[in-house]
Amino acid sequence: MDLSSDRTLKRTIQSDATYYVSSVAGSIAFICQPIGSLMSGFIVEFFGRKWSMILVNIPFLLGWLLYCFSSSITMLFTANIILGMGIGFMEAPIMTYLGETCQPHLRATITSFPGVTCQVSVFVVFLMGNITDWRSVAGINAALPIFTICYVVLMPETPIWLLSRGRYDDALRSLCWLRGWTTPDDVREEFNQLVVYSNAVNKTNFPVDKVGSTVVNNQVTRLFINCTYRLWREMLRPSTLRPLMLVVPYFLIQQFSGMASIRPYMVHVFRKFGLDDAAVGSAVIGIIGAVCLVSTVNWLGKRFLSLVALAGNGVSCLLLGVYSYVVLRPGGATQYEAAWLPLSLIVVLSFCSSVMFEVPWMMLSEVFPFRTRGIASGFSAAMCYVFLFVSSKTYLDMEQSLHIHGAFLLFAAVNAVGFIFVYYRMPRMEGRSLAEIEDYF
């Protein structure tokens, strides 16, 4: 019996098993996120933005507790599935709430803040993973949904959603709270504009009684089905379809532009370039990029920042692909190996990707008409996570078939196509009211 060949076979089997588990673990949450996103579209429309933001914390609490007390691969995968659905459920209510409560001159800045908090969270999780074990990190994260529920309970529902349900007094109180606990007289002009807008876009909606509450009778199931049918029919109208044709392709380009594909395997990719322990540094660069977005989006606009980010991504991926082909491939020119070059390019890639990351999520809060804002946002977020799953699930296969240089050259081509798309299709929306943007589309 050839013992050496037997050991080689065992190592091959173990390697294949590790590859499969890593591939599934790195992407299983992503394929579950579209389910949560599609659910959120209906829940946001029927239960409101505030209660949707409260409900979204339940899967996060359950998922992190499962992580903390898991004792098998099955429990870990279950936690990933629950967290994935929670992440998908989260996007539509948060961005819709921000878009409907912000004043036009502040909307771009405020809707970009979730990108900063997301990048900070990635950095903090990476940092905690370096100083403590993963179970402790999961236990700490499990406490966050409880605090979130406590402060969201104190927030009001959006005035425009309350108006669509005929709750005019509640809408006025909500607007007073949102504008700094002011008096009704101070917000009367803005409130009247919201009433006119609400009447124009909600000619057919939930019936309301004299005190403004939703009519509940034995036909509630039929009402729900009819409203759902109307929502999907509205999705095919130009006012919704045109912004969908902007947001969904943007998400496709974003997820195949480089960083999203390699993020679950970041340590593996960095080691290919001779860079160890660079994941935390990449998270720090992501925070800097998100802060730059917040600071400049009102001044430069999402369109200009998108073009700059796509150009930076494309050049970085192109040079990383060329470097990999020249230096890292078998028989390459190893005498030209220089760790500072891929490190610099990855810094640029991380920065530009973080700037580009939040732009389509910001558009979710403003490009869709009120009647379909919740369901269109949920559908767009679902498509984003489908693209994210495909890009992350196929990266290792892509690297095996095209090698690392081929993968990065493909990313460069995607960024080039994205640059052309954004240049011709994306308008400037900063400073416009939601009604003006709806009229534009």
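The values are calculated or read from the model by the stated rules, or taken from the named source; none is laboratory data. For clarity, every value in this text was computed on a predicted model and none was experimentally measured. All Cβ positions, glycine included, derive from the backbone under ideal geometry; neighbour counts span all protein chains shown. Side chains are part of the model used for accessible areas, which takes the heavy atoms of the whole protein and leaves out ligands, DNA and RNA. Shrake-Rupley method; radii C 1.70, N 1.55, O 1.52, S 1.80 Å.
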What does the accessible area of Phe113 come to, in Å² to the nearest 10, when a probe of 1.4 Å is used? 100
For Arg135, put the label point 7 Å out on the Cα→Cβ axis and report which residues of segment 73-111 keep their amide N under 14 Å from it. 73, 76
Sites Leu127 and Leu341 - FRET efficiency at Förster radius 22 Å, r taken between beta-carbons, to 0.05: 0.25
Expressed in square angstrom to the nearest 10, the accessible area of Leu388 with a 1.4 Å probe stands at 20
Given the options Ser239, Ser353, Ser121, which has the most mean-square fluctuation in a GNM of the chain, springs set between C-alpha atoms less than 10 angstrom apart? Ser121
Lysine pairs in the chain 8 or more apart or on different chains: how many have alpha carbons under 28 angstrom apart? 6
Among Asp276, Asp439, what's the order by accessible area (1.4 angstrom probe), most exposed first? Asp439, Asp276
Take the chain, connect every pair of alpha-carbon atoms lying under 10 Å apart with a spring to form a Gaussian network, then pick out the residue of Val355, Val386, Val187 with the largest mean-square fluctuation. Val187
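Treating the beta-carbon of each Lys and Arg as +1 and of each Asp and Glu as -1, no other charges, what is the dipole magnitude of the chain about its Cα centre, to the nearest 20 debye? Could the numbers behind the result be given before it?
Numbers: 31 positive and 27 negative charges, 134 e Å.
Result for the chain is approximately 640 debye, rounded to the nearest 20.
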Heavy-atom surface of the chain, accessible at 1.4 Å and reported per residue (Å²): 48
GNM result for the chain, Cα springs below 10 Å: residue of Glu45, Glu189, Glu234 fluctuating most strongly: Glu189
To the nearest 10 degrees, the tilt of helix 279-323 (Cα long axis) against the first principal axis of the alpha carbons of the chain is 20
How long, wide and thick is segment 306-386, going by the Cα atoms along their three principal axes, in whole angstroms, largest first? 61, 23, 15
Does anyone have the angle between helix 3-47 and the longest principal axis of the chain? Alpha-carbon axes, 0 to 90°, nearest 10? 10
What is the helix-to-structure angle for 238-255, meaning the angle in degrees between its Cα long axis and the longest Cα principal axis of the chain, kept from 0 to 90 and rounded to the nearest 10? 20
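Of all accessible surface on the chain at a 1.4 Å probe, what whole percent is carbon and sulfur? Could the numbers behind the result be given before it?
On the way: 14310 of 21080 Å².
Taking all protein chains in place, the chain shows 68 percent carbon and sulfur surface.
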